[in-house]
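Working notes for the structure below.
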Amino acid sequence: MASKFMYSNRDHKFILKEWLDGKKILGLKRFRDYLNIDDVDGILDQALKMSREIVAPTNDDGDTIGAVFMDGKVTVPPSFHKAFKFIQENGWGASNSDVEGESALPEILNEAVREYIIGANPAMSPYIGLSGGIASVIKAFGSPEQIALYTPKMFEGVWEGTMCLTEPGGGSDVGDMTTKAYLTDNPLIYKVKGTKCFITGGDHDLTENIIHLVLARVDGAALGTKGLSLFIVPKIWVKEDGKLGESNDVSTVGIEHKMGLKGSSTAVLSFGEESQCRGVLLGNPPDEKGIGQGIAQMFRMINGSRLDTGHSALAVATVAYNNAVHYAKERIQGRPIHNPKGSRVPIIQHEDVRRMLLTQKATLEAMRAMIFKGYYYLDLIEFGDDPEEVKAAKRSIEVITPLIKAYCSDQGWLMITEAIQVFAGYGFTEEYPVARQARDVKIYSIWEGTNFIQSMDLVGRKWNLDKGSVFKEWMMEMASFVQANQNNKVFAREFEVLGKALLAYQELLATVLGYFKENIRLVPLYSTRILRITAELYGGYLLMQQALVAQEKLDEGNVDKAFYAGKVFSAKFYVLNIVPDVAATVRIIKEGDTSAIDIPEEAF
């Protein structure tokens with residue numbers, strides 16, 4: 001069955017040209033010499049065409065052939081090779097992660113391109129994105145010699161990269177990892193020994209070499225996360241002249257048999273089985289207290305990866321939604337409830353199907369809005385020339401990163417279940433594409449720190465940054481917007497609901513702060529729900545911003561009436577049907593029910 005890649009770039013054009021200040025980003029010193037706002041349409045059109053014609057045809061191979069482990073080596077489908085090479089050689093891949101690379105795209109544009117690639121084949125996208133991210137970490141923290149030796153071929157896509165954190169039995173407890181690094185006669189080179197699991201792209205045959213960044217503890221360093229360091233561990237040793245040498249004692253034990261993303265190899269890697277695995281220390285060795293730099297270095301990539309994970313869920317769920325809309329317009333079944341003797345109609349005319357479709361449309365647009373707001377902030381942080389804007393962007397991205405990662409990956413799964421329901425029995429078969437999207441999307445709520453971890457990051461850390469002032473500023477931004485528009489005649493109901501949600505959230509803050517003091521177990525009990533309603537509040541705020549823009553276009557008599565009307569109705573539906581969940585959930589949290597804590601284990 002063809003994977004049926006269905007996608008539009010219209011919302012991205014709206015976001016970059018009409019809602020966010022794309023001119024500001026493209027006008028920054030980094031980009032102004034070779035990009036301007038008039039280039040946006042052409043870039044997005046070409047990227048979508050490339051994804052449809054080059055990437056999408058590989059999706060079926062990824063699911064049916066998949067990544068194959070045999071005789072200690074991993075191969076991917078032959079079609080992946082052609083598409084991977086085309087993407088890298090034509091500037092759609094890792095080169096865009098090089099902050100100094102010629103013609104690199106800003107994140108707001110590069111991530112729109114990436115969204116199409118993910119939607120076209122989510123199992124291929126990690127191979128495309130990994131090397132650029134790993135090379136960026138090396139470029140940020142490596143010596144000039146390390147940068148020159150490793151990063152050019154990684155940005156070119158000739159070499160791949162991975163981040164090796166998780167260990168068998170360790171899961172999210174990074175501080176408990178057992179992989180060790182031992183000093184050698186060369187102070188920069190260590191012997192690395194240990195096993196890592198769930199390593200995305202850990203082994204494959206797409207590139208001639210794979211550069212692993214391995215988190216390990218130098219022998220004798222402090223316990224916990226603070227004692228960890230990061231090491232460059234090539235699969236094949238790289239000589240000083242840049243040529244490949246001998247195997248570096250990195251072996252693939254196996255790959256996981258997964259419910260989805262079968263074309264993406266998720267490997268178990270063994271480092272130093274023969275005690276010959278060499279790792280090059282990134283940055284400085286542990287200090288006199290045994291404290292290493294590994295965690296801080298790793299988080300340069302992890303925070304961006306969390307945005308990318310939520311974004312991946314959006315891309316997969318959008319394909320499912322687009323397929324559901326197409327199916328609903330073609331599937332003839334039933335008669336209108338208000339005209340039971342009338343002709344049979346397409347199911348898109350039935351009320352509950354319309355509810356399911358608009359739930360998907362509105363939620364996906366809220367997800368895309370917060371995701372691209374995040375990428376907008378990343379561009380300002382990396383390339384902005386106004387110190388105050390950069391500072392504000394850094395503060396805002398801290399708050400919204402866990403929302404983007406967790407809310408979007410949770411909703412991606414839920415929105416695909418709605419798409420399956422639109423297809424009804426056909427959606428439960430592999431003959432239609434939405435079943436595959438359900439299998440593919442679920443991993444994103446687990447990647448890059450499970451969504452519970454994101455929720456505790458929000459409540460335990462982000463609420464308290466800079467003595468609470470960061471989160472307070474973020475809340476005030478929304479409150480000021482609601483206050484400025486409370487008398488809007490077109491959206492009076494919507495701004496009233498948004499205002500009530502904000503007031504309820506203020507009550508939540510006071511309640512949970514009390515739980516920290518009185519019964520801290522209530523905090524993790526409710527944290528995932530707190531994150532969800534925080535994102536719902538933010539999503540409603542962003543969609544109402546977009547609705548104001550869209551309504552203005554409609555008032556001007558813009559020719560693209562269907563699109564702008566769609567933006568207005570998405571915002572209305574989201575605010576009137578989803579945002580009220582904020583106040584309802586606050587009431588539940590204030591009630592403080594402890595049943596899940598109090599129930600005896602034997603009763604489960």
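The values are calculated or read from the model by the stated rules, or taken from the named source; none is laboratory data. What you see is a predicted model, and the numbers here were worked out from it, not measured in a lab. Virtual Cβ from ideal backbone geometry, glycine too; neighbours counted across all protein chains shown.
Tabulated values for the structure
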quantity: Test for V568: is it loosely packed, with under 14 Cβ neighbours inside 10 Å, farther than 22 Å from A510 by Cα, out of contact with any Asp or Glu (no Cβ under 9 Å at 6 or more places or on another chain) and not charged (D, E, K, R); calculated: no
quantity: Qualifying position, being closer than 25 Å to H311 by Cβ and modelled with pLDDT under 95, among Y444, Y432, Y426; calculated: Y432
quantity: Cβ-Cβ under 6 Å pairs, at least 6 apart or on other chains, the range 511-528 side outside the structural domain of K590 (by TED's automatic domain parsing) and over 15 Å from S455 (Cα atoms), far side part of a helix (DSSP H, G or I) and modelled with pLDDT under 95; calculated: none
quantity: Options I210, I236: the member that is surrounded by 24 or more Cβ atoms within 10 Å (Cβ to Cβ), of a type in the set (A, V, I, L, M) and either on the phi > 0 side of the Ramachandran plot or modelled with pLDDT of 95 or more (or both); calculated: I210
quantity: Evaluation of G412 against (1) closer than 19 Å to G310 by Cα; (2) outside any helix (DSSP H, G or I); (3) not aliphatic (A, V, I, L, M) (one fails), failing number; calculated: (2)
quantity: Considering residues of the range 382-398 that are among the charged types (D, E, K, R) and in a helix (DSSP H, G or I) only, the residue surrounded by the fewest Cβ atoms within 10 Å (Cβ to Cβ); calculated: E388
quantity: Some residue of the range 337-345 being more than 24 Å from R10 (Cβ to Cβ) and in contact with a strand residue (DSSP E or B) (Cβ under 8 Å, 6 or more places away or on another chain); calculated: yes
quantity: Selection from the range 489-536 of residues that are at pLDDT below 95 and farther than 16 Å from V459 by Cβ; calculated: K489
quantity: Among residues of the range 300-343, those that are aliphatic (A, V, I, L, M) and surrounded by fewer than 14 Cβ atoms within 10 Å (Cβ to Cβ), counted; calculated: 2
quantity: Filter pass, D379 being touching a residue at least 12 places away in the same chain (Cβ under 8 Å) and either part of a loop (DSSP other than H, G, I, E, B) or touching a strand residue (DSSP E or B) at 6+ places or on another chain (Cβ under 8 Å) (or both); calculated: no
quantity: In the range 191-218, the residues that are under 18 Å from I295 (Cβ atoms) and either outside the structural domain of K239 (by TED's automatic domain parsing) or more than 23 Å from the chain's Cα centre (by Cα) (or both); calculated: V192, G194, A216, R217, V218
quantity: Subset of the range 345-380 [farther than 19 Å from Y538 by Cα, in contact with an Asp or Glu (Cβ under 6 Å, 6 or more places away or on another chain) and of a type in the set (A, V, I, L, M, F, W, C)]; calculated: M356, L380
quantity: Residue satisfying all of: in the range 470-499; in contact with a helix residue (DSSP H, G or I) (Cβ under 8 Å, 6 or more places away or on another chain) and not in a helix (DSSP H, G or I); farthest from A392 (Cα to Cα) among these; calculated: V490
quantity: Of residues in the range 572-600 being in a loop (DSSP other than H, G, I, E, B) and among the hydrophobic types (A, V, I, L, M, F, W, C), the one farthest from M544 (Cα to Cα); calculated: I599
quantity: Flag if G294 is within 28 Å of S455 (Cβ to Cβ) and surrounded by 21 or more Cβ atoms within 10 Å (Cβ to Cβ); calculated: yes
quantity: Any pair with Cβ under 8 angstrom, 6 or more apart, that starts in the range 270-285 at a residue that is touching a residue at least 12 places away in the same chain (Cβ under 8 Å) and surrounded by 21 or more Cβ atoms within 10 Å (Cβ to Cβ) and ends at one that is in a loop (DSSP other than H, G, I, E, B) and of a type in the set (G, A, S); calculated: L282/G142
quantity: Some residue of the range 358-369 being exposed (fewer than 14 other Cβ atoms within 10 Å of the Cβ), of a type in the set (D, E) and out of contact with any Cys (no Cβ under 9 Å at 6 or more places or on another chain); calculated: no
quantity: Scan of the range 412-454 for residues that are surrounded by fewer than 19 Cβ atoms within 10 Å (Cβ to Cβ) and polar (S, T, N, Q), ordered by number; calculated: T417, Q421, T429, T450
quantity: I54 β-branched (V, I, T) and within 23 Å of W447 (Cα to Cα); calculated: no
quantity: Test: residue in the range 523-543 that is outside any loop (DSSP other than H, G, I, E, B) and touching a Cys at 6+ places or on another chain (Cβ under 9 Å); calculated: yes
quantity: Counted residues, the range 427-469 - those being of a type in the set (D, E) and assigned to a loop (DSSP other than H, G, I, E, B); calculated: 3
quantity: Some residue of the range 573-580 being among the aromatic types (F, W, Y), without any contact (Cβ under 8 Å) to a residue 60 or more places away in the chain and under 21 Å from P402 (Cα atoms); calculated: no
quantity: Matching residues in the range 15-53 - criterion: being without any contact (Cβ under 8 Å) to a residue 40 or more places away in the chain and β-branched (V, I, T); calculated: I37
quantity: Test for D33: is it at negative phi and out of contact with any strand residue (DSSP E or B) (no Cβ under 7 Å at 6 or more places or on another chain); calculated: yes
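Condition check ((1) among the acidic types (D, E); (2) touching a residue at least 40 places away in the same chain (Cβ under 8 Å); (3) surrounded by fewer than 18 Cβ atoms within 10 Å (Cβ to Cβ)) across all residues:
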| position | (1), (2), (3) |
| --- | --- |
| V490 | no, yes, yes |
| L502 | no, no, no |
| E507 | yes, yes, yes |
| L531 | no, yes, no |
| E552 | yes, no, yes |
| V559 | no, no, yes |
